[in-house]
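One structure below.
The values are calculated or read from the model by the stated rules, or taken from the named source; none is laboratory data. This structure is a prediction, so every number in the text was calculated from the model and none was measured. We place every Cβ from the backbone using ideal geometry, glycine too, and count neighbours over all the protein chains shown. These accessible areas exclude ligands, DNA and RNA; they are computed on the full protein's heavy atoms, side chains included. Shrake-Rupley method; radii C 1.70, N 1.55, O 1.52, S 1.80 Å.
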Amino acid sequence: MIGDIHGCSDMLSELLARIKPIGQNDTVVFMGDYIDRGNDSRGVIDIVLKLRAEHQRVITLMGNHEFMLLGAVKGYGHQEFLNMGGDATLKSYDIAPGSLNDLAAKLPRNHLAFLQDLLPYWEDEDHIYVHAGLQPGVHLTQQSPDWLFWSREEFIDSIYNYGKKVIYGHTPHEKPKVDDNKIGIDTGAVYGGALTCLVLPENKFISVETQKNNI
């Protein structure tokens, strides 16, 4: 499981180099927020697409930043997208912030397809994987985008038993936050922290530190 990348392509490359070789029975789960704020959102998606082409077990979740970009593609929320670091994403694609009309035609076709195919959550026998969090007492299939992509303390502070341990990103922690019912692995790569990978079932964390040219 790889936490929020936010355009830090060099850190992602280094992290993938540290966890290789990836076995054919291994599953790689990206927790969302590939884009915005860092200087190479386009490069991050290229790296993920290359990994997915080489390895059949790659799960890509949607984060709130991809959710906002897709909103901008549909013609709404342009200013909110820019205010949340979308200007850096547009720069990586050589798209002027003032030319958001017909954004779908300006993005590479395979990148747009990647964004549109992102999953809201994923689960296996032992864990649930989601970008931001889950609403306690609500079935997984009935969770709203507000909780899946945007929730913070209301999820993080919950001691609710979701039936499986939840792995999440979205909210930066100084180090991985390990609770009885959940594990948070966003360690603030784009904010001067680290990019973190959680290896299961070993419960091992692998991190790379911020490189100055990423921000």
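What pairs can you find where one residue is in the stretch 14-41 and crowded, with 24+ Cβ neighbours inside 10 Å, the other is in a loop (DSSP other than H, G, I, E, B) and hydroxyl-bearing (Ser, Thr, Tyr), and their Cβ atoms are less than 7 Å apart, with a gap of 6+ or different chains?
If the second residue must be in a loop (DSSP other than H, G, I, E, B) and hydroxyl-bearing (Ser, Thr, Tyr), the pairs left are Ser41/Tyr34.
For Thr60, indicate whether it is more than 13 Å from the chain's Cα centre (by Cα) and crowded, with 22+ Cβ neighbours inside 10 Å.
Judged against the criteria, Thr60 is not a match.
Give me the residue from the stretch 180-195 that is assigned to a loop (DSSP other than H, G, I, E, B) and open to solvent by 40 Å² or more (accessible area, probe 1.4 Å) and, out of that set, farthest from Ala88 (Cα to Cα).
Applying the filter and picking the extreme gives Asp180.
Phe205 versus (1) of a type outside the set (S, T, N, Q); (2) open to solvent by 20 Å² or more (accessible area, probe 1.4 Å); (3) in contact with a Ser or Thr (Cβ under 9 Å, 6 or more places away or on another chain); (4) not in a strand (DSSP E or B): which is the lone unmet condition?
Against the list (1) of a type outside the set (S, T, N, Q); (2) open to solvent by 20 Å² or more (accessible area, probe 1.4 Å); (3) in contact with a Ser or Thr (Cβ under 9 Å, 6 or more places away or on another chain); (4) not in a strand (DSSP E or B), Phe205 comes up short only on (4).
Enumerate the pairs (first residue in the stretch 190-204 and under 12 Å from Asp26 (Cβ atoms); second residue anywhere and assigned to a strand (DSSP E or B) and charged (D, E, K, R)) with beta-carbon separation below 7 Å, excluding pairs fewer than 6 apart on the same chain, so at least 6 apart or on different chains.
Note: no pairs meet the criteria.
Please specify each residue of the stretch 109-143 satisfying the condition of being touching a residue at least 24 places away in the same chain (Cβ under 8 Å), under 22 Å from Ile35 (Cα atoms) and not aliphatic (A, V, I, L, M).
Residues satisfying the conditions are Asn110, His111, Phe114, Gln116, Asp117, Pro120, Tyr121, Trp122, Tyr129, His131, Gly133.
Going through the stretch 155-169 one residue at a time, which ones are part of a loop (DSSP other than H, G, I, E, B), without any contact (Cβ under 8 Å) to a residue 40 or more places away in the chain and buried (at least 16 other Cβ atoms within 10 Å of the Cβ)?
Ser158, Tyr162
Yes or no: the stretch 125-132 includes at least one residue that is among the small types (Gly, Ala, Ser) and out of contact with any Gly (no Cβ under 8 Å at 6 or more places or on another chain).
The answer is no, given that none of the residues of the stretch 125-132 is among the small types (Gly, Ala, Ser) and out of contact with any Gly (no Cβ under 8 Å at 6 or more places or on another chain).
Would you check if Leu148 is surrounded by 16 or more Cβ atoms within 10 Å (Cβ to Cβ), assigned to a strand (DSSP E or B) and of a type outside the set (S, T, N, Q)?
Taking the combined requirement at face value, the residue does not satisfy it.
So which residues in the stretch 70-121 are of a type in the set (D, E, K, R) and over 29 Å from Gln135 (Cβ atoms), if there are any at all?
Asp87, Lys91, Asp94, Asp102, Lys106, Arg109
Assuming Tyr160 fulfils every condition listed in (1) more than 16 Å from the chain's Cα centre (by Cα); (2) hydroxyl-bearing (Ser, Thr, Tyr); (3) under 14 Å from Ile5 (Cα atoms) apart from one, which condition is it?
Among (1) more than 16 Å from the chain's Cα centre (by Cα); (2) hydroxyl-bearing (Ser, Thr, Tyr); (3) under 14 Å from Ile5 (Cα atoms), Tyr160 violates only (3).
Can we say Tyr76 is farther than 17 Å from Tyr34 by Cβ and aromatic (Phe, Trp, Tyr)?
It is true that Tyr76 is farther than 17 Å from Tyr34 by Cβ and aromatic (Phe, Trp, Tyr).
Looking only at the stretch 94-136, filter to residues that are hydroxyl-bearing (Ser, Thr, Tyr) and open to solvent by less than 50 Å² (accessible area, probe 1.4 Å); which one of those is modelled with the highest pLDDT?
Filtering the stretch 94-136 for residues that are hydroxyl-bearing (Ser, Thr, Tyr) and open to solvent by less than 50 Å² (accessible area, probe 1.4 Å), the one modelled with the highest pLDDT comes out as Tyr129.
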